[in-house]
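Engineer: What follows is a single structure, and I will ask about it in a moment.
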There are 2 protein chains.
Amino acid sequence: MNKELNLVDFLITADFVVAMDADYSVYTPGAVAVTGDHIVAAGPRETLLATYAAGEQLDAGNAVVMPGLINTHGHAPMALLRGLADDLRLDVWLLGYMMPVERDFVNSHFCWLGTELASAEMIRSGTTTFADMYYFEEAVADAASQAGLRAVCSQTIMRFPTPDATSYDEALRRGRDYIQRWKGHPLIVPSVAPHAPYTITPELLEAAVSLVLEFDVPLHIHIAETAQEVEDHRKEFGMPPVPWLKKLGVFEAKTTAAHCVHVDEGEIQTFAHHNVGIAHNPSSNLKLASGIAPISRMLEAGLNVGIGTDGPASNNDIDMFEELRLASFIAKVATMSPVALPARQTLEMATIMGARAMHIDDITGSLEPGKRADLIVVSMENTRHQPYFAHTGESVYSRLVYATHAEDVRHTMVNGKWLMRDRELLTIELPALHAEANALAGKIDTFLARREESVLSKLIAIGGVAQGKTFEIQVKVRHDDPRSLEKVFFTSDEITFLRGSNRRQYDTYFLFEDRWGSVLRYREDEIFDLQTKDLIDVIYRLTLTTMKKEREYGNSVLLSRSRFDAPATRSRRFYREYFQPQREVVVHKERRRFHVRFHGTDFSVNLDTVLEPEGVGSFLEVKSRTWSQQDAERKAGLICNMLELLEIDEGAVIKREYVELAGVRQQEQQDQ
Amino acid sequence: MNKELNLVDFLITADFVVAMDADYSVYTPGAVAVTGDHIVAAGPRETLLATYAAGEQLDAGNAVVMPGLINTHGHAPMALLRGLADDLRLDVWLLGYMMPVERDFVNSHFCWLGTELASAEMIRSGTTTFADMYYFEEAVADAASQAGLRAVCSQTIMRFPTPDATSYDEALRRGRDYIQRWKGHPLIVPSVAPHAPYTITPELLEAAVSLVLEFDVPLHIHIAETAQEVEDHRKEFGMPPVPWLKKLGVFEAKTTAAHCVHVDEGEIQTFAHHNVGIAHNPSSNLKLASGIAPISRMLEAGLNVGIGTDGPASNNDIDMFEELRLASFIAKVATMSPVALPARQTLEMATIMGARAMHIDDITGSLEPGKRADLIVVSMENTRHQPYFAHTGESVYSRLVYATHAEDVRHTMVNGKWLMRDRELLTIELPALHAEANALAGKIDTFLARREESVLSKLIAIGGVAQGKTFEIQVKVRHDDPRSLEKVFFTSDEITFLRGSNRRQYDTYFLFEDRWGSVLRYREDEIFDLQTKDLIDVIYRLTLTTMKKEREYGNSVLLSRSRFDAPATRSRRFYREYFQPQREVVVHKERRRFHVRFHGTDFSVNLDTVLEPEGVGSFLEVKSRTWSQQDAERKAGLICNMLELLEIDEGAVIKREYVELAGVRQQEQQDQ
């Protein structure tokens, strides 16, 4: 070996070296010299061959050596939840699937395992650095560093209890401990992530900012992912999220803001002024129909916009090459200009600009002497890459952005260490990892299958359910003029009027063809004052019963069945999509409701007129509920007495419920 | 072997068989039996193992057997042009690059070679059937059938001369010959493609329709790809393209319409009424910023919408799995609904519905007994596919659409014949193919590099150029009140006024730092009547000269230089993007132009006032041009005489042109 040559650990040569430095240097052919954890030189092949001797020389041939891709936003452990539920609305997906499963399954080991799974995919698809935001972030950091990846790992802080903290104070303590232990790690930058403006409080936010400023670590946050979020924020705080966050001092920190789909020009200027890095997530924003972020405008304003995959549960892979192509495509259609986000600028976003967005461009993002050796070798041998046009210097970028697949990545190096050679992972055992991930998926399948078995368990899964009294005594009589009965309640000696209200009830019955004949009623109950007719309140409730009565007694006035109530905190549309009923019946009615005392026992009396469907009619209902069968039978007797007093023949009692009466009527109307 | 078993050629088993039949059958595990060119059975593995014995049994394990993907729109030979030019406006891309290169390079062998290149990529990415539209379509059909792919190959017919036909009559004759030779081929369905409403004539269209009806073959056409196209069509014909095509009888044919990005509800209903198949091209529509087609509405209206890659020059790969994912993603963001185009429906579009859109669903698109054996085996072993959730029947679709890459396709079979096994192509020799494609790209590179060398050759490439007279005699004198000179032309005995006009000239000079100092002037020349002041005409012209005079004579009134003129049929923006000048100077001026006769020789005399930039001033110009040097010198002498008559000192003559005067002024203004 020539004694004048400088010795380096690795010399990698290839037909193309794409440096992504300030001059956009492309060396054809080129070479990169690496020693220890850093790059010694990147330049023309002949120059480097004449300057360096290497412990190992890798001649990659028809390939590109380039900086590893930088994934600026994700939730790595959610790799374990990919494909769990797709093509759902954000709320159904999040509240119906992700959060219930997370509540039961996410622990430190889950996060470790999920990160290892995500790391395998990232290394194989050319990502060398990622930004993460999840729970048990120390486990994420541990798994990433063992896989050999560079990462900014942010411990999530929310105002709600999370799988790893019962309060945000606990989350902050956890964050502090974690930062103290990991700060200075060669691969991991610890960080905290106040989750999003709509899941935090100003106090929590201020505490998080003072924590990251104390340790000089970055801060990661979701901002303006959906139009709804921004609208809600405006309503609540009189301004969109960005000025609100600015006021709370968030942008004093080295911030990376994920999504920013719905931001205006002023907010973009605020980002620019405070050097807030942006993480643009094309697949996720499309798949969840969040919208298209105004990336071209942000770039014009000088923002550092990186590209991210978001969590693999909403993507569903972790493939930065796919995101690159998508970022360029959607910028073009969003501006209706095919010259928007050309290939070179797109690649820049995924490398050096991404590093800037994560505030770590001093160590990674380009092939320059002194930077950490985070690089990938991408083959140009696939048919997709043929032919090659050399007449423009842009061809190599266009090939990388428009025609390269993750599978073209042959070798991946982070911090001067090979993580993949010839597509073989060197730090992760795939078969065991896949097996463990699938075993866990099996348990989640069982959990969900059990839940899906009954409407009840799905109802319980989304929370707030209370079981109602089992025994129900009810009488329903058709009556042309139920209001004529009213005077009895005010004039009879035997009946005492306690209180009353006028109601307008909009009921939607979701019917299920399960073995219980489950019926889930979604009710909007508008309550008016009986006298003044003022609207007093609107109550939204879910009530789960069954069509099949468990038992019927005597004159059809007593039945026993399970009954579950919950406040309906979400929309009818949500419940429809989440529960997926086989059939739906809508009943609107006007109800005058009286609470009366009869022979010392309280009853509800309803005087109802069904408005929709038309032609169902008007009714008197007397009702009571109890936990005790004996009490139920006693009350059933009392109701019979009350009917006599009201001069109603017991034979006139109708055994069907409104959902049935309306269902029949609905069918008749359709048949006409 | 059990004697009761029926013998078939192939029995393919896998953990998942996705049939894409009317019931969306999924067999886990499943099997498909194939004999000759067709499917004998698809069903549960155990059932098929108990029924059939196979010449060859393939146990694919953790994989999906499914119908091959159907690419409903493309231009296969353009694989040879992929990456030639990207991130350009459609007109610059098409008129500046694609068409000039096609004019010089596209021949029968080019089409054969390009189709083979595209076929290699399609087979390796799971496409078994494609729709094509290009020139020399018989070569496309030949290459596709030799590769073993199924294809509907449409001979393009345009009103313009094409690389394969000097007139549309010739194209129609070519189409008829081609259909007659290929009709009945086991793999190829011949067809014709009247290119698009804006490139055809009603007569051409009617002839094409009667041709396809005569032979009962399908018809392929581009419709409403861009908003501009639709707007232009409305202006010219008073209606959008679809009703116009309907009126001309196009939809009487078995039509496949590509793009349909800008169609309204009425047009969708027309498609539905006539069973027009739609080819949706997500990547191309995004990359060229054409827009997002209203696919969700089309599907609601019951249209058969397939998915296509379009030509690889605007994509840049031919990867149906990528298009699947994109189709679903953009439908969601276009409707702002994450439940739009769920995974199963997306896969349907790429299989059986695509076959319907191409009017060949009787033979392909699903795994059903009697259909041709067009199938692929897709591995589910990649980390991207882990873990697998079985709790919903949709998971297999979601995996295929959201997390599968082209590289997961292990085996491809068309018409009962294996085209790929274990990712090895069986009908195409890749290394030789790549080498030939790259050799051709080298020639195109040389052609373009030579063209790029000079502004002139780029100007010639887009057509219409004529060389102007070489010798130019011109005098320019600053004059505070040039109009005072006017009377001389009307009163002098020596000068005869011939004719005149008033002009307002908006000139943009594109300056190039090439070795000639090329100057390309884009002029909008508004011509007004000298007396009535009515606007008579607006002329758009390009004029290429050089800053460096080839020769200057005498009192700076005579020079020799090359000069090229062309009508400017496109916008200033087009020329700017196409020519990419280093600098630009804008000059607006008012010109009174006189044609006069002086001592028997004609001259132009211009009395100019420069309006922009301000402060340049007013001028008298006297000009003449000639091919002869001797004549030029004679005229130069005459101009000196004329100056004397006008009492202008020869020393006052300004040697600079307007572009220079304005350029200096522009610089001064910027410096202030």
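Engineer: Write down the radius of gyration of the stretch B:304-433 and its Dmax, each obtained from C-alpha positions, in Å.
Structural biologist: That works out to 15.7, 48 Å for Rg and Dmax.
Engineer: Taking amide H positions as placed in the peptide plane 1.01 Å from N, state which residues far from B:G617 in sequence (5 or more) or on other chains have amide H under 5 Å from it.
Structural biologist: HN-HN under 5 Å from B:G617: B:V610.
Engineer: Looking at the calculated P(r) for the stretch A:231-303, what percent of the C-alpha pair distances fall above 19 Å?
Structural biologist: That fraction is 34 percent.
Engineer: Next up: Can you give the Rg and Dmax of chain A based on its C-alpha atoms, in angstrom?
Structural biologist: Rg and Dmax of chain A, Cα atoms, are 32.5, 118 Å.
Engineer: So what does B:I536 come to for accessible area, using a 1.4 Å probe and Å² rounded to 10?
Structural biologist: 100
Engineer: Given the rule -39500 (n - 2.57) for each run of at least 4 DSSP H residues, summed and divided by the residues of chain B, what is its mean residue ellipticity at 222 nm, to the nearest 500 deg cm²/dmol?
Structural biologist: -10000 deg cm²/dmol
Engineer: Here is a follow-up. Run the numbers on the stretch A:74-89: which residues show a drop of 50 Å² or more in accessible area, chain on its own versus all protein chains together, using a 1.4 Å probe over heavy atoms?
Structural biologist: Residues shielded by partner chains are A:R82, A:D87, A:R89.
Engineer: With θ taken as phi - 60° and the coefficients 6.51, -1.76 and 1.60, list the Karplus ³J(HN,Hα) couplings across the stretch B:580-593 in order, rounded to whole Hz; mark glycine and proline as x.
Structural biologist: Along the stretch B:580-593, the couplings run 6, x, 7, 8, 9, 10, 9, 10, 10, 8, 9, 10, 9, 10 Hz.
Engineer: Which percent of the accessible area of the stretch B:400-500 is formed by carbon and sulfur heavy atoms (probe 1.4 angstrom)?
Structural biologist: Of the solvent-accessible surface of the stretch B:400-500, carbon and sulfur hold 51 percent.
Engineer: Output, in nm with one decimal and in ascending order, the distances from the B:F160 label point to the matching label points of the other copies (7 Å from Cα along Cα-to-Cβ).
Structural biologist: Between copies, matching label points for B:F160 lie 5.8 nm apart.
Engineer: Quick one: if the Förster radius is 56 Å, what FRET efficiency do A:L5 and B:E56 give, using the C-beta to C-beta distance and rounding to 0.05?
Structural biologist: Working from the Cβ atoms, E equals 0.50.
Engineer: At 0.36 nm per residue, minus the direct Cα-Cα distance, what do B:R504 and B:Q146 gain on full extension? Give it in nm, one decimal, please.
Structural biologist: 122.7 nm
Engineer: Also: Could you work out how far helix B:227-237 tilts from the main Cα principal axis of chain B, as a 0 to 90 degree angle to the nearest 10?
Structural biologist: Here the helix axis deviates by roughly 70 degrees.
Engineer: Sticking with this one: Which residues' amide hydrogens lie under 5 Å from the amide hydrogen of A:V8, considering only partners 5 or more residues apart or on another chain, with H built in the peptide plane?
Structural biologist: For A:V8, whose amide H was placed from the backbone, the distant partners under 5 Å are A:A53, A:A54, A:G55.
Engineer: Now a separate question. Helix A:629-645 versus the longest principal axis of chain A: what is the Cα-based angle in degrees, 0 to 90, to the nearest 10?
Structural biologist: Its long axis makes an angle of about 50 degrees.
Engineer: Once neighbouring chains are kept in place and the probe is 1.4 Å, which whole percent of the accessible area of the stretch A:268-364 is contributed by carbon and sulfur?
Structural biologist: That share works out to 47 percent.
Engineer: State, in angstrom, two size descriptors of the stretch A:39-122 derived from its alpha carbons: Rg to one decimal place and Dmax to the nearest whole number.
Structural biologist: Computed over the Cα atoms of the stretch A:39-122, radius of gyration and Dmax are 21.4, 62 Å.
Engineer: How large is the translational diffusion coefficient of the stretch B:456-671 in µm² per second when you combine the Kirkwood radius over alpha carbon pairs with Stokes-Einstein at 20 °C and 1.002 mPa s?
Structural biologist: The calculation lands on 118 µm²/s.
Engineer: So, R0 is 41 Å and r is the distance between the beta-carbons of B:A272 and B:E170; what FRET efficiency does that work out to, to 0.05?
Structural biologist: 0.70
Engineer: At 7 Å along Cα-to-Cβ for each site, give me the label-to-label distance between B:L530 and A:E236 in nm.
Structural biologist: 7.7
Engineer: Put simply, what bits of the stretch A:404-427 lose 30 Å² or more of accessible area when the other protein chains are there, versus the chain on its own (1.4 Å probe)?
Structural biologist: A:H405, A:E407
Engineer: Treating the stretch A:568-611 as a set of equal point scatterers at the Cα positions, no solvent, please give the Debye-formula log₁₀ I(q)/I(0) at q = 0.24 Å⁻¹.
Structural biologist: Calculated log10 I(q)/I(0) at the listed q: -0.85.
Engineer: Would you calculate the volume per residue, in Å³, of the smallest convex hull containing every Cα atom of the protein assembly as shown?
Structural biologist: Normalising the Cα hull of the protein assembly as shown by residue number yields 253 Å³.
Engineer: Of all alpha-carbon pairs in the stretch B:1-84, indicate the percentage at a distance above 14 angstrom.
Structural biologist: 66
Engineer: Right, something else. Considering protein heavy atoms only and a 1.4 Å probe radius, which residues within the stretch A:431-456 exhibit an accessible-area decrease of no less than 30 Å² in the full assembly relative to the chain by itself?
Structural biologist: With the partner chains in place, the stretch A:431-456 has these residues losing at least 30 Å²: A:H434, A:N438, A:A441, A:D445.
Engineer: Can you give me the solvent accessible area of B:E494 with a 1.4 Å probe, rounded to the nearest 10 Å²?
Structural biologist: Rounded to the nearest 10, the figure is 80 Å².
Engineer: Grab the other residues whose beta carbon is less than 10 angstrom from that of A:N62, score K and R as +1, D and E as -1, and report the net.
Structural biologist: -2
Engineer: Summing both sides, how much accessible area is buried between A and B? Use a 1.4 Å probe and give Å² to the nearest 100.
Structural biologist: 5500
Engineer: Grab the beta carbon distance between A:T47 and A:D264, set R0 = 45 Å, and tell me the FRET efficiency rounded to 0.05.
Structural biologist: Here the calculated transfer efficiency is 0.40.
Engineer: Write down the accessible area per residue of the protein assembly as shown in Å², having rolled a 1.4 Å probe over the full set of protein chains.
Structural biologist: 37
Engineer: Would you kindly find the accessible area of B:R593, with a 1.4 Å probe and non-protein molecules such as ligands, DNA and RNA excluded, rounding to the nearest 10 Å²?
Structural biologist: 50
Engineer: Taking a 1.4 Å probe, which of A:S398, A:S562 shows the most accessible area, and what order do the others take after it?
Structural biologist: Final ranking, largest accessible area leading: A:S562, A:S398.
Engineer: Same structure again: Measure nothing but the geometry: give the 0 to 90° angle between the long axis through the Cα atoms of A:168-182 and the longest principal axis through the Cα atoms of chain A, rounded to 10°.
Structural biologist: Taking the Cα atoms of chain A, the angle to A:168-182 is about 20 degrees.
Engineer: Dipole size in debye (nearest 20) for the protein assembly as shown around its Cα centre, Lys and Arg Cβ +1, Asp and Glu Cβ -1?
Structural biologist: It comes to approximately 1020 debye.
The values are calculated or read from the model by the stated rules, or taken from the named source; none is laboratory data. No experiment lies behind these values; they were computed from the predicted model shown. For neighbour counting, all protein chains shown are included, and Cβ atoms are generated from backbone atoms with ideal geometry for every residue, glycine included. Please note that ligands, DNA and RNA were not included when accessible areas were found on the heavy atoms of the full protein model with its side chains. Shrake-Rupley method; radii C 1.70, N 1.55, O 1.52, S 1.80 Å.
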